[in-house]
Every structure is written in structure tokens, then in C-alpha cells.
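Colleague: Got a structure for you, questions after.
The values are calculated or read from the model by the stated rules, or taken from the named source; none is laboratory data. Owing to the predicted nature of the structure, the values given are computational and were not obtained by experimental measurement. Neighbour counts run over all protein chains shown; Cβ positions are idealised from the backbone, glycine included.
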Amino acid sequence: LWTGPVVNCDSVKKIHALPTPCLVVDLDRLESNLDKMSRFTEERRVALRPHAKTHKCVNIARKQLERGAAGICVATIAEAEVMLRGGVRGLLITGEMVGEPKISRLTRIVKEAPETLVVVDNSQNVDDLQNAVRNAGIHFGVLIDLDIGQNRTGIQPGEPALRLAEHISNAKSLTLKGICAYAGHVAHIAGFEQRRASSLRALTQAVETRNLLLKHGHDVQLLTGASTGTYNIDPEIDGLTELQSGSYIFMDVEYRRIGGSSGKVYEDFSPSLSVLSTVIHRSSNKAVVDAGLKAFSTDRPFGPEPLELSGVQYEFAGDEHGRLVMDSPSRDIRLGEKLRFIPPHCDPTVNLYDRFFCVRGDVVEDEWPIMERAGGAPHF
Ligand SMILES: Cc1ncc(COP(=O)(O)O)c(C=O)c1O
């Protein structure tokens, strides 16, 4: 029976002793991705407020801040609370805080961290936020969430955004700080030049809206956006003040497939995240691992890809099973051995787990909680 932590890192030091399936972060690769993005943004003189929706982990947010990030983006109120409890400041909440209990929780956050920013795209929501904090003597900053083509949240560019800016200026407890313009629909466009053209077209609407707001006397200090697919494209736009890329720290199959500026595989950042599995069945032309539908996100039409092994295809084979089809395996695969897989999509895969096991080579150096969930009973 389980009576304590899944793995005691003091006694288990090697990756092959980890319980499978589990989520593994290669620290050398993670640090190289963090360093690369931080050097890039420094050279291009654009700020970085990386998105924590990818990792949901205070330890990683701290590493991003140590390397010069201006703050951290979060998608949900729960992510904001976890980050703040972990001492992470400079939060931008990129999802609209509409209704209860979101607004009350936001009020508690801005009381403790008045620099917190939140996006708005609706005048009713502006009124609700204003009413919630009016009597508490709290002020906080908001960004206009602009829909530059994703057709998700966000107000339309131009006049609608200007009218919202005017509405915000009448809300005495809120201060307009700028524009949030995330073009999620272009992040995964295959082919660098196609992606570049679409992203610049989308962001141009944000710059035009910023200019319109400035012309009418509004203060637009921040223009924030960008993804991992466009981090090296969007700084071409004059006026973009910060990048909010997230997946660059881990990468995934989806991003590797979009192609980079110099090749078919997008290799600007290296895959640092994998799911570790055990080969639990082996027969003539087949190997089965213990990582199936519950171990990876299943939101994409393709499956995971093996790390450090080629010539095999992964197929989902059930909740707890993945089948390896052997085309021409680059090496022998043995029963009981541990295999790592790059997840199809990193964010929803991370969301399935309660911790990262952090490895350097084959040594387990650390264990980092995801959303502070670790510490409970084992998942597996
Ligand atoms: C608002 C917002 N900003 C930034 C990102 C980061 O994008 P990526 O993980 O592709 O770098 C996302 C991802 O979904 C997002 O929703």
C-alpha cells in the first residue's frame, strides 16, 4: 500500500527506477531552451513574459524570471494563485475573468500583487471588475484583448477596441496598460515564410489599433503577443513590446512538424519533455509500452514520437497501452526497457500529471510539482 511519496529522490537516483508512465524533463535541454529565448529577447530588445500555461510549475517560472523575464503569463485564476503562492510576481492573466468566483479570487490576487494585469474584451466585464474593487481601494491594470484572427476571445481591432478603451478610462479603479494580441491561429502554420506572412498580417492590426488608441490620448505601454512558432517573426513588428511564448521550453511533436527558418523540422528549441514508459510486451514485430491514452494528450491527429529511437511508429492501443509498429527499428527493443516519447502536444499532456521528474543524463536530480498537486497519492 502507498504510504508516502511516489519516489524518494534521496534513494532513487536513476531514471530507469522511475514509476512509469511518468513525465520527465531533461534539465540540460530545458536550460538550453530557456537560455536561448532569453538571449534572443535580450538581443532583439523585446521583453519576455513567457506563458506558464505550458508548465504550470513555480520552479520553471522562477527559472524564467532569473533569466530576465519581465513577468509570467497565466491562463487561469488557479494558475495565478499557484504562481503567487510560489512568490512569482508580474503576472498577466491572459484569460477573461468573468463571473464568480473568478472576480473575487482576482480581487484577492490584486490586493496582494497590485502589479497583476488582466485582459478584458467587454465593457460589461469592465463594469463588473470596477464594481468588485471600487470599495476595496484597489487599483489594477488591464490590457485590451484583441481578436486578430483567432476567433476566440478578444474584441475586434479598430473602433470597437477604441470604444472599450474609452469605457476603461471611466472605470476609476482600472488603468489601461496596453493590448494583448495573441495570434494562436498562426502559431502552427507549416513553413516559415507562410507563418511569417500570416503572423505579420495579424499583428499589423494590433499595431494599427495601438496607434488609434494613442491618437485618442490613451496610454498603450504594452503590446504583448507571440507564440513559440512566431517568436523570431513578431519582433519584426515595430511596437510589439513583449513576447508571451510558452511551448519553447519543452517543444512537442506538433511544433517539430511546422518547420523552421532553415529546415523541415522546427529545431530552434530542443525537445526537453518526454513521457517515460516501460516495454511491457515484446513479440516478433511488436512492442507494447505502458503509456497509452491516459499518458498523452489525444487532441491531435498524430501520436507521440520516440526519443532516441527511429524506425518505429507509436499507435495508441488503449487507455494504458501504446503499440510500437516496427518498420526498421534503429536498435533492438527489449522487454522491460524504458522508452521515452515526445508528447504530441505539450500543454495538455503536462496537465495530466502532478509532477515533473527532472533528469540530467540518466540521473534524477529533482521532482517539481505541477500546480502544487504533487504530494498526494500516486497517479499510477
Ligand atoms: C494567450 C496565449 N499566449 C501565449 C501562448 C503561448 O503559445 P505557445 O505555447 O505556442 O508558445 C498561448 C498558448 O496557447 C496563449 O493562449
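Colleague: Out of the residues in the stretch 168-198 that are buried (at least 19 other Cβ atoms within 10 Å of the Cβ) and more than 30 Å from Lys264 (Cα to Cα), state the one that is nearest to the ligand (Cβ to nearest atom).
Modeller: Cys180
Colleague: Yes or no: Gly217 in contact with a strand residue (DSSP E or B) (Cβ under 8 Å, 6 or more places away or on another chain), without any contact (Cβ under 8 Å) to a residue 60 or more places away in the chain and either assigned to a strand (DSSP E or B) or away from the ligand (no atom under 16 Å from the Cβ) (or both)? Give the derivation first.
Modeller: Values: in contact with a strand residue (DSSP E or B) (Cβ under 8 Å, 6 or more places away or on another chain): no; without any contact (Cβ under 8 Å) to a residue 60 or more places away in the chain: yes; either assigned to a strand (DSSP E or B) or away from the ligand (no atom under 16 Å from the Cβ) (or both): yes.
When the stated conditions are applied, Gly217 does not pass them.
Colleague: Next question. Condition first: within 14 Å of the ligand (Cβ to nearest atom) and of a type in the set (Val, Ile, Thr). Can you find one or more residues in the stretch 271-285 that meet it?
Modeller: No, because not a single residue in the stretch 271-285 is within 14 Å of the ligand (Cβ to nearest atom) and of a type in the set (Val, Ile, Thr).
Colleague: Another question about this same structure. Before we move on, is Pro306 under 24 Å from Asp332 (Cα atoms), surrounded by 19 or more Cβ atoms within 10 Å (Cβ to Cβ), within 16 Å of the ligand (Cβ to nearest atom) and not hydrophobic (A, V, I, L, M, F, W, C)? Outline the logic, then answer.
Modeller: Details: under 24 Å from Asp332 (Cα atoms): yes; surrounded by 19 or more Cβ atoms within 10 Å (Cβ to Cβ): yes; within 16 Å of the ligand (Cβ to nearest atom): no; not hydrophobic (A, V, I, L, M, F, W, C): yes.
No, not satisfied.
Colleague: Okay, moving on. Can you name the residue in the stretch 248-257 that is charged (D, E, K, R) and within 12 Å of the ligand (Cβ to nearest atom) and is also surrounded by the most Cβ atoms within 10 Å (Cβ to Cβ) among such residues? Write out each step before concluding.
Modeller: Going through the stretch 248-257, the residues charged (D, E, K, R) turn out to be 252, 254, 256-257.
From the residues that got through so far, the ones that are within 12 Å of the ligand (Cβ to nearest atom) too are 252, 254.
Values: Asp252: 26, Glu254: 22.
Here the answer is Asp252.
Colleague: Something else now. Quick check on my filter: what residues within the stretch 268-289 are surrounded by fewer than 21 Cβ atoms within 10 Å (Cβ to Cβ), part of a loop (DSSP other than H, G, I, E, B) and at pLDDT 95 or above?
Modeller: Passing the criteria: Asp268, Ser270.
Colleague: Out of all the residues in the stretch 221-247, which are assigned to a helix (DSSP H, G or I) and either within 6 Å of the ligand (Cβ to nearest atom) or polar (S, T, N, Q) (or both)?
Modeller: If we filter the stretch 221-247 for residues that are assigned to a helix (DSSP H, G or I), which is where we start, we get 234-236, 247.
Passing the criteria: only Ser247.
Colleague: What are the pairs with Cβ atoms under 6 angstrom where one residue, in the stretch 222-234, is at pLDDT 95 or above and of a type in the set (A, V, I, L, M, F, W, C) and the other, located anywhere, is more than 11 Å from the ligand (Cβ to nearest atom) and in a loop (DSSP other than H, G, I, E, B)? Sequence gap at least six, or different chains.
Modeller: Taking only residues 6 or more apart or on different chains, the pairs are Leu222/Thr241; Leu223/Gly239; Leu223/Leu240; Leu223/Thr241.
Colleague: Continuing with this model, one more query. Restricting attention to the stretch 35-55, which residues are over 15 Å from Gln244 (Cβ atoms) and within 16 Å of the ligand (Cβ to nearest atom)?
Modeller: Residue satisfying the conditions is Lys36 alone.
Colleague: Just wondering, is there one or more residues in the stretch 72-83 that are among the small types (Gly, Ala, Ser), within 16 Å of the ligand (Cβ to nearest atom), within 17 Å of the chain's Cα centre (by Cα) and over 27 Å from Cys358 (Cβ atoms)?
Modeller: Going through the stretch 72-83, the residues among the small types (Gly, Ala, Ser) turn out to be 75, 78, 80.
If we keep only those that are within 16 Å of the ligand (Cβ to nearest atom) too, we end up with 75, 78, 80.
From what's left, within 17 Å of the chain's Cα centre (by Cα): 75, 78, 80.
If we keep only those that are over 27 Å from Cys358 (Cβ atoms) too, we end up with none.
No, that holds for no residue.
Colleague: Every residue in the stretch 258-269 that is away from the ligand (no atom under 13 Å from the Cβ) and either under 18 Å from Arg340 (Cα atoms) or in contact with a Lys or Arg (Cβ under 9 Å, 6 or more places away or on another chain) (or both), please.
Modeller: Our first condition is that a residue be away from the ligand (no atom under 13 Å from the Cβ); within the stretch 258-269, this holds for 259-265, 267.
Gly259, Ser261, Lys264, Val265, Glu267, listed by residue number.
Colleague: Please tell me if Thr116 is surrounded by fewer than 19 Cβ atoms within 10 Å (Cβ to Cβ) and under 30 Å from His188 (Cβ atoms). First the steps, then the outcome.
Modeller: Values: surrounded by fewer than 19 Cβ atoms within 10 Å (Cβ to Cβ): no; under 30 Å from His188 (Cβ atoms): yes.
No.
Yes/no per residue for (1) farther than 9 Å from Thr209 by Cβ; (2) β-branched (Val, Ile, Thr):
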position: Pro157; (1), (2): no, no
position: Ala161; (1), (2): no, no
position: Leu164; (1), (2): yes, no
position: Ser169; (1), (2): yes, no
position: Leu174; (1), (2): yes, no
position: Lys177; (1), (2): yes, no
position: His185; (1), (2): yes, no
position: Ile189; (1), (2): yes, yes
position: Phe192; (1), (2): yes, no
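Colleague: Now, a different point. Restricting to the stretch 79-106, name every residue that is buried (at least 17 other Cβ atoms within 10 Å of the Cβ) and in a helix (DSSP H, G or I).
Modeller: Residues satisfying the conditions are Glu79, Ala80, Glu81, Val82, Met83, Leu84, Lys102, Ile103, Leu106.
Colleague: I would also like to ask the following. Could you grab me the full set of residues in the stretch 349-364 that are more than 23 Å from Gly303 (Cα to Cα) and crowded, with 22+ Cβ neighbours inside 10 Å?
Modeller: Val359
Colleague: Inside the stretch 356-374, can you point out the residues that are under 18 Å from Cys57 (Cα atoms) and of a type in the set (A, V, I, L, M)?
Modeller: Residues of the stretch 356-374 under 18 Å from Cys57 (Cα atoms): 356-359, 364-374.
Within the stretch 356-374, Val359, Val364, Ile370, Met371, Ala374 meet the criteria.
Colleague: Which condition does Pro329 not pass, out of (1) closer than 20 Å to Phe296 by Cα; (2) in a loop (DSSP other than H, G, I, E, B), if it passes all the others?
Modeller: Single failed check for Pro329: (1).
Colleague: Ala295 is checked against (1) surrounded by fewer than 22 Cβ atoms within 10 Å (Cβ to Cβ); (2) assigned to a loop (DSSP other than H, G, I, E, B) and fails just one. What number does that condition carry?
Modeller: (1) is the only condition that Ala295 fails.
Colleague: Checking Leu309 against (1) touching a residue at least 60 places away in the same chain (Cβ under 8 Å); (2) more than 23 Å from Thr153 (Cα to Cα); (3) outside any strand (DSSP E or B), which single condition isn't satisfied?
Modeller: Looking at each condition in turn, Leu309 falls short on (1).
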